[in-house]
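The values are calculated or read from the model by the stated rules, or taken from the named source; none is laboratory data. Note that this is a predicted model, so its numbers are computed, not measured. We place every Cβ from the backbone using ideal geometry, glycine too, and count neighbours over all the protein chains shown. In case anyone asks, the SASA skips ligands and DNA or RNA and just uses the protein heavy atoms, side chains included. Shrake-Rupley method; radii C 1.70, N 1.55, O 1.52, S 1.80 Å.
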Amino acid sequence: MVSVLAAVTAYTVDGYLFFEQVSTQEDTTEVVVPAGRAGKVDDVEWKASVARTKAPAGSRHGPDVAWMKIDIIQKVLSDGSATLTGLPGDLRLHDRAGRSWAVELGSGDRPSDRLEVGREYALQGLAVVPVAVADQVELAFTPSAYRSDTPTDDLFKRPTTPEPPRTTLRFRR
């Protein structure tokens with residue numbers, strides 16, 4: 001009985017330490033992208049815009065919130081980055097006071113295996129923010145490092161070396 005308890009505890013602690021290492025990576029570099037310009041990460045160019053839009057039909061939100069339309073354009077600049085097909089993560093709108101709101105992102109018109117070099121792929125999202133900050137919120141997200149050509153067995157292997165710093169793009173308005 002004690003050996004079973006020890007084995008379960010060791011397995012649980014090992015799993016938690018792995019989760020903590022992967023999910024709490026603090027090495028994040030923020031790149032501020034001037035309004036109307038593109039940000040570049042891993043030979044992939046990203047453009048983004050944020051604008052007010054009408055509430056979807058059937059919306060239950062009142063007049064104190066604004067619906068925001070998020071348009072993101074991704075363009076692969078080199079063949080070595082054509083398999084970076086993962087959707088960006090941690091999409092949030094931020095105001096000057098440091099508050100943030102989640103962005104719901106659609107899947108877009110992207111293939112899941114390989115992106116064409118030089119072609120622009122569009123992603124669209126929606127968010128709800130207070131009316132008072134609708135004209136100042138800025139989009140931030142972290143481009144995915146997932147590669148579609150990664151062998152399935154390698155997806156479940158624990159990294160043996162420290163992960164490179166993540167890059168977060170913040171688009172000014």
Efficiency of FRET between Phe156 and Ala132 - r from beta-carbon atoms, R0 35 angstrom, step 0.05: 0.15
Neighbour net charge for Ala38 - beta-carbon separation under 14 angstrom, K R +1, D E -1: +1
Loop trypsin sites (Lys or Arg not before Pro), the range 54-123 (other Cβ atoms within 10 Å of the site Cβ: 13 or fewer; DSSP): Lys54, Arg60, Arg96, Arg99, Arg119
In the range 20-120, GluC sites (Glu not before Pro) in a DSSP loop with at most 16 other beta-carbon atoms within 10 Å: Glu26, Glu116
Paramagnetic reach from His61 in the range 120-148 [backbone N under 18 Å; point 7 Å along Cα→Cβ]: 124-140
Protein accessible area in the range 37-115, 1.4 Å probe - carbon and sulfur %: 46 percent
Inter-label distance for Gln124 and Arg110, nm, one decimal - labels placed 7 Å from Cα along Cα-to-Cβ: 1.7 nm
